[in-house]
Amino acid sequence: MPSQEPIEDSGGGFLITSEPFYLPSANEIDLFEAAYGAKLPVMLKGPTGCGKTRFVQYMAYRLGRPLVTVACHEDLFASDLVGRYILQNDETVWRDGPLAAAVRMGAICYFDEIVEARKDTTVVIHPLTDDRRTLYLERKGEVINAHPDFLLVISYNPGYQSVLKDIKQSTRQRFVALEFDYPGIENETAIIQKETGIDADTASKLVKLGRKIRNIREHGLTEGASTRLLVYAARLIKAFCFCS
């Protein structure tokens with residue numbers, strides 16, 4: 001069973017104190033909890049804006065663990081993840097990066113859109129994804145043994161994969177993969193209503209429009225209308241109607 005012990009200073013301000021709204025579409029909650037209990041890293045696969053990040057936030061709240069999120073990009077270096085020496089008050093001190101901090105405090109560390117990160121940077125996570133569960137701080141000469149409650153989670157959009165941007169097999173095979181897609185009609189309508197406060201009829205029309213847009217991707221549209229985009233549209237409609 002996951003640890004439910006109260007976290008005080010060790011949370012570092014990364015605890016989610018209010019329950020995020022999330023509607024499960026299958027058995028993803030049970031699978032995530034099973035992976036967490038077995039200390040197995042998790043990969044969330046699915047299109048952009050389908051709820052992967054919200055799911056991680058919900059699971060962090062449900063498990064009572066801090067959540068450290070890393071937004072991956074091509075200028076992300078290993079030192080940005082593990083830490084570096086900095087000058088502070090005329091002294092050189094070490095400052096942990098987000099990954100090192102998460103490993104020490106037993107947080108869920110979430111790498112958002114892992115394919116956007118440099119391949120030579122993501123190699124540093126490999127020792128955390130097998131039975132070693134360690135992080136090596138080369139510049140400090142320190143090996144951190146992961147806290148028992150630490151979990152590594154990455155998200156991956158297969159639609160973005162290409163020769164230049166894809167996850168190495170050596171990395172991919174280290175993770176338990178959970179497949180995500182856009183919610184069903186009823187769930188997506190409920191999500192839009194809950195997130196925006198818009199009326200049911202407008203929410204339903206937006207969902208139908210979004211599904212039509214997704215169905216014409218084979219005609220050259222590279223990306224369909226995500227649930228997140230429909231939420232933004234609903235907020236805009238509500239704000240416009242309120243102002244009018």
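The values are calculated or read from the model by the stated rules, or taken from the named source; none is laboratory data. Remember, predicted model here, so these are calculated numbers, not experimental data. Counting neighbours? That spans all protein chains shown, and the Cβs are built from the backbone with ideal geometry, glycine included.
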>> So, in segment 110-147, how many residues would count as being of a type outside the set (Val, Ile, Thr) and out of contact with any Ser or Thr (no Cβ under 8 Å at 6 or more places or on another chain)?
In response: 17
>> Please pick out the residue among GLU19, GLU33 that is acidic (Asp, Glu), part of a helix (DSSP H, G or I) and within 30 Å of ILE185 (Cα to Cα).
In response: GLU33
> How do the helices (runs of 4 or more DSSP H) wholly within segment 167-239 filter down when requiring 2 or more residues that are crowded, with 16+ Cβ neighbours inside 10 Å: which remain?
Replying inline: 185-196, 200-215
> Which one of these is surrounded by fewer than 19 Cβ atoms within 10 Å (Cβ to Cβ) and either at pLDDT 90 or above or closer than 18 Å to LEU152 by Cα (or both): ILE114, ILE125, ILE108, ILE86?
Replying inline: ILE86
>> For the condition at pLDDT below 95 and over 22 Å from LEU128 (Cβ atoms), what is the one hit in CYS72, CYS50?
In response: CYS50
>> What are the pairs with Cβ atoms under 9 angstrom where one residue, in segment 222-244, is under 16 Å from LEU209 (Cα atoms) and the other, located anywhere, is modelled with pLDDT under 75 and in a helix (DSSP H, G or I)? Sequence gap at least six, or different chains.
In response: GLU223/GLY159; GLU223/ARG217; GLY224/ARG217
> Is one or more of the residues making up segment 132-140 part of a strand (DSSP E or B) and of a type in the set (Asp, Glu)?
Replying inline: no
> Can you name every residue in segment 22-39 that is at pLDDT 95 or above and in contact with a helix residue (DSSP H, G or I) (Cβ under 8 Å, 6 or more places away or on another chain)?
Replying inline: TYR22, LEU23, GLU28, ILE29, PHE32, GLU33, TYR36
